[in-house]
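Below is one structure, written out as structure tokens, with a few remarks after it.
What follows draws every value from the coordinates through simple rules; no lab data is involved. All of these numbers come straight from a predicted model, not from anything done at the bench. Glycine gets a Cβ as well: all are built from the backbone with ideal geometry, and neighbour counts include every protein chain shown.
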Amino acid sequence: AALAAARPGRPVAAIDPRGRRAALWPLALARAAAHLLSLRAVGRAEVLHLMVSERSSLVRKGLLAALGRLTGMRVIMHHHGADFAGLVARAGPLRRRIAALWVRAAHRHLVLGAETRGALLSLGVRASRITRLPNALPGRPSPARPRAPGPWRLLFLGEISSRKGVFTTLEALQSLAR
């Protein structure tokens with residue numbers, strides 16, 4: 001809806017390869033692949049932009065990237081996974097070869113940091129295909145506000161898990177209180 005409202009000049013189709021129930025992602029992936037193929041068949045899909053995390057996201061998006069490449073689409077992988085580099089480092093030889101095939105299917109990789117860039121290079125992606133995005137947040141400091149006495153309030157939007165840094169943040173806040 002946001003892309004449609006922004007009117008990019010070209011039609012945009014959002015496809016969900018995971019579905020609402022995580023355990024049923026293979027069915028959602030099959031439906032997404034069929035949708036992608038139908039759009040491609042009628043000339044309504046030229047560029048495939050995939051938001052890639054790690055674990056099963058890499059599996060889903062890797063398969064779609066290969067499908068997009070096989071059908072002549074331009075494929076962009078936009079990496080935002082917190083542990084993509086760790087996943088690559090821990091992968092055995094077979095998983096590394098499969099991941100390398102998937103990521104090499106993309107024409108362009110968008111990354112946020114040097115770790116993801118390094119992991120892609122280790123999988124054989126050419127440096128010329130990797131674009132590191134600058135920090136999307138403005139660089140200006142927030143206006144100073146005096147802190148009111150009382151408890152701190154923290155708003156966190158995301159999965160509450162150790163890999164998202166929630167517990168590290170809470171420990172840091174606790175140490176500040178001390």
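Rounded to the nearest 20, the Cβ-based charge dipole of the stretch 18-73 about its Cα centre (Lys and Arg +1, Asp and Glu -1) stands at 200 debye. Considering only 157, 12, 116, and ranking their Cα positions along the charge dipole of the chain that arises from unit charges at the beta-carbon of Lys, Arg, Asp and Glu, the one farthest toward the positive end is 12.
Residues whose amide H lies under 5 Å from that of residue 52, counting only those 5 or more places away or on a different chain, are 78, 79, 80; hydrogens are built 1.01 Å from N in the peptide plane. Placing unit charges on the Cβ atoms only, positive for Lys and Arg and negative for Asp and Glu, gives the stretch 1-98 a dipole magnitude near 140 debye about its Cα centre.
Based on the Kirkwood radius over alpha-carbon pairs, what is the Stokes-Einstein translational diffusion coefficient of the chain at 25 °C with 0.890 mPa s viscosity, in µm²/s? Estimated diffusion coefficient is 130 µm²/s. Highest mean packing first, where packing is the average number of other Cβ atoms within 10 Å per residue, the peptides 84-90, 42-48 line up as 84-90, 42-48.
For the pair residue 74 and residue 20, a Förster radius of 41 Å applied to the C-beta separation gives a FRET efficiency near 0.90, rounded to the nearest 0.05.
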